[in-house]
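Undergrad: If you scroll down you'll find the structure; I have some questions about it.
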Amino acid sequence: MTHLDHLYRVAFFLAKNPDDAQDCVQETCARALSAFERFAPGTNLKAWLTRILYNFFLDSSVRNKRTVSAEGLSDGAEEQGHFWESLATPDPGPERQVLERELSEVIGDALKAIPEEFRAPIILVDLGDYSYQEAAEVLACPIGTVRSRLSRGRRLLQKRIGKSLG
Amino acid sequence: MMQCNEAQELITGLVDQQLSADEGLSIENHLAQCADCRAQFESETTLKQNLKLAGAALSVPRELREKIEDLTRRPESERGLAKGTSTIREWLALPWLRPGFALVTIGLVAALMFFQFRPSNDIGSVALAVHEGITSGKTTVTRSSDTARLRADLALAVKNKFAPIALDLSALKLYPVAGLVKQIGGREVLVTVYSGDGPTITCFTFLGGEGDAPRGSELFFDAEKKINFYSFTRGGLHGVMHREGGVICLLVSDMPAADLLAVARGQRHPA
């Protein structure tokens with residue numbers, strides 16, 4: 001299915017754990033299939049799908065009070081274990097594996113600690129490779145707002161990460 | 001000359017290569033003169049590269065991919081049928097069911113023809129046409145500089161069963177300047193025109209439910225307010241509908257869809 005990797009990346013970094021990410025993607029696909037007549041041909045399918053996913057995530061976050069925050073980071077080791085099982089690179093080699101693992105841990109922890117409004121644009125644009133236009137459609141806000149939140153969010157992320165990455 | 005705090009968002013845009021030519025020129029001029037902002041640009045570029053690396057390393061687990069591919073491959077005809085009778089063709093093969101199918105088919109065709117050729121009651125389409133008529137001057141409206149009076153007159157026209165949604169659009173320099181009452185699909189609809197420095201916004205207020213969401217609209221759920229917003233676009237005009245109790249508020253404008261949605265989300269005034 002087109003854009004499945006994009007959807008999973010976004011869900012993975014939004015949700016608290018890989019199981020929630022998988023549920024989120026599966027529910028998104030089910031909703032998209034049942035509402036496909038509402039998709040306007042010629043518009044951006046990736047943004048439409050991601051918007052369904054993002055709305056479902058927000059909806060379920062409110063319902064289950066499952067907002068991601070700095071709390072609960074002690075569970076991180078187990079989550080990272082799942083993360084490394086799902087890495088695409090078949091055999092990146094031990095040195096690279098260690099480096100990527102450190103990188104991902106640092107990024108994952110820092111992302112969880114910044115507010116949702118700044119986190120979502122980073123997940124979409126930087127981790128999901130969405131354009132500003134696509135991110136604006138998903139978040140239902142003007143492009144200028146995406147850029148300002150991204151700018152602020154990256155500075156918050158840099159502070160969290162410190163000098164280890166940048 | 002550009003200040004460093006003004007440069008921050010442009011640095012972000014430059015890192016993402018999403019600046020206009022003018023913006024690109026102005027930030028590059030600033031970076032040529034400012035070592036701190038150059039360092040910020042380098043740092044943000046490195047951060048983005050690392051984030052991209054972390055994102056690209058992630059792919060859909062095979063099990064999930066298979067589940068979804070199976071779901072999408074399955075013909076729609078096989079999704080909702082009872083066990084033991086897997087296809088419509090098998091159903092049709094049962095002789096005793098054929099007359100029933102014929103009657104149902106005739107009924108469905110008749111229903112489709114009725115819905116296809118009946119006058120359009122889609123409130124979204126009518127609202128867009130009304131907005132176009134008002135902005136082009138073809139539709140007559142009652143103008144008033146007295147906002148409270150305009151609102152009271154409109155409410156009176158529907159025997160005070162409901163009042164027009166009152167929007168505060170002063171931040172956009174838009175103010176209620178005119179109104180009218182329309183009958184759309186047998187329902188009374190109060191129309192308020194907000195005009196001023198920006199693009200005109202027409203607000204339609206009527207009694208209804210979420211089933212009035214225009215066909216093809218995209219649903220956005222505002223988690224904070226716990227309200228569904230339905231956004232739709234036709235012929236260069238945009239509409240956003242939401243419900244406040246039993247009252248529907250539908251905004252129509254030619255401003256960008258995302259901006260109109262932001263306007264609708266920024267408001268919440270009970271009728």
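Read-outs: derived from the displayed coordinates by stated rules, not from any lab. It should be emphasised that the depicted structure is a prediction, and the values quoted were computed from it without experimental measurement. Neighbour counts run over all protein chains shown; Cβ positions are idealised from the backbone, glycine included.
Undergrad: Could you give me the ³J(HN,Hα) list for region B:243-251, computed from phi with Karplus coefficients 6.51, -1.76, 1.60 and θ = phi - 60°, whole Hz, x at Gly and Pro?
TA: So the J values, rounded to whole Hz, are 10, 10, x, x, 10, 9, 10, 10, 9.
Undergrad: Let me ask you something else. Taking each residue of B:225-231 in turn, how many C-beta atoms of other protein chains fall within 10 Å of its C-beta, and what is the average?
TA: Whole-number average of other-chain Cβ neighbours for B:225-231 is 1.
Undergrad: With an 8 Å cut-off on Cα pairs and a minimum separation of 6 or more residues, tell me the relative contact order of region A:119-166 in percent.
TA: Numbers: 24 pairs, mean separation 15.4, N = 48.
RCO, region A:119-166: 32 percent.
Undergrad: From the phi of every residue in region A:152-157, what ³J(HN,Hα) in whole Hz does the Karplus formula 6.51 cos²θ - 1.76 cosθ + 1.60 yield, where θ is phi - 60° and glycine or proline is x?
TA: Per-residue couplings from phi come out as 5, x, 5, 5, 4, 5 Hz.
Undergrad: Which of the GluC sites (Glu not before Pro) found in region B:171-265 are in a DSSP loop and have at most 15 neighbouring Cβ atoms, other than their own, within 10 Å?
TA: Loop-located and lightly packed - B:GLU224.
Undergrad: Measure up B:LYS67/B:LYS225; B:LYS48/B:LYS173; A:LYS46/A:LYS112; A:LYS159/B:LYS67; B:LYS138/B:LYS226; A:LYS46/B:LYS161 against 32 Å on the Cα-Cα distance and list the ones that go over.
TA: Going by Cα-Cα distance, B:LYS67/B:LYS225; B:LYS48/B:LYS173; A:LYS159/B:LYS67; B:LYS138/B:LYS226; A:LYS46/B:LYS161 fall outside the 32 Å limit.
Undergrad: Give me the inter-chain shielding for A:24-33: mean count of other chain Cβ atoms within 10 Å, whole number please. Please report the intermediate quantities before stating the final value.
TA: Numbers: counts 0, 6, 4, 0, 1, 6, 2, 1, 1, 6.
Partner-chain Cβ atoms within 10 Å, mean over residues of A:24-33: 3.
Undergrad: When a footprinting reagent is the concern and you count Cβ atoms within 10 Å, what order do A:PHE12, B:PHE206 take, fewest first?
TA: B:PHE206, A:PHE12
Undergrad: Find out how many positive minus negative residues lie around B:ASP36, taking Lys and Arg as positive, Asp and Glu as negative, among other residues whose Cβ is under 14 Å from that of B:ASP36.
TA: -1
Undergrad: Let me ask something additional. So what are the ³J(HN,Hα) numbers for region B:48-55, from phi and the Karplus equation (6.51, -1.76, 1.60; θ = phi - 60°), rounded to whole Hz, Gly and Pro as x?
TA: Values per residue, Gly and Pro as x: 4, 4, 5, 5, 4, 4, 5, x Hz.
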